[in-house]
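Please read the structure below before turning to the comments.
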Amino acid sequence: APTWHAGGSKASSADTIAPLNPAPEGQERLELARAYLDLGDVDTARSLLQEVADSGDAAARGEAARLLRELV
C-alpha cells in the first residue's frame, strides 16, 4: 500500500532542501505580471509591477518601472 499518506511526522528530504538557484527578488512577480499583461489584465499586472518597483532587487525594480511607464 502507498505510504505517502500514512501520516508520519517526518518531513521528506525534498521538503527541507533549499532551491539551488533561487530567483532574484521580484523576478517571479515580473514574470507573473507579464503573464497578466498577455491575458489583458492590466490592473493586476500594474499591482504586481508596483510591488516589484517598491521592494524587488535593483534589476527587477528597473524593469518594473519601465513596464509601468509603458502602461500609462
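The values are calculated or read from the model by the stated rules, or taken from the named source; none is laboratory data. These figures come from a predicted structure and were not determined experimentally. Neighbour counts are summed over all protein chains in view; Cβ atoms, including those assigned to glycine, are modelled from backbone coordinates with ideal geometry. The protein model used for the area step is the full one, side chains on, heavy atoms only, and it has no ligands, DNA or RNA in it. Shrake-Rupley method; radii C 1.70, N 1.55, O 1.52, S 1.80 Å.
Out of everything in the range 42-72 that is in a helix (DSSP H, G or I) and of a type in the set (D, E), what residue ends up being surrounded by the most Cβ atoms within 10 Å (Cβ to Cβ)?
Looking at residues that are in a helix (DSSP H, G or I) and of a type in the set (D, E), I get E63.
Please work out which one of (1) of a type outside the set (A, V, I, L, M); (2) open to solvent by 80 Å² or more (accessible area, probe 1.4 Å); (3) at pLDDT 95 or above is the condition P22 fails and give its number.
(3)
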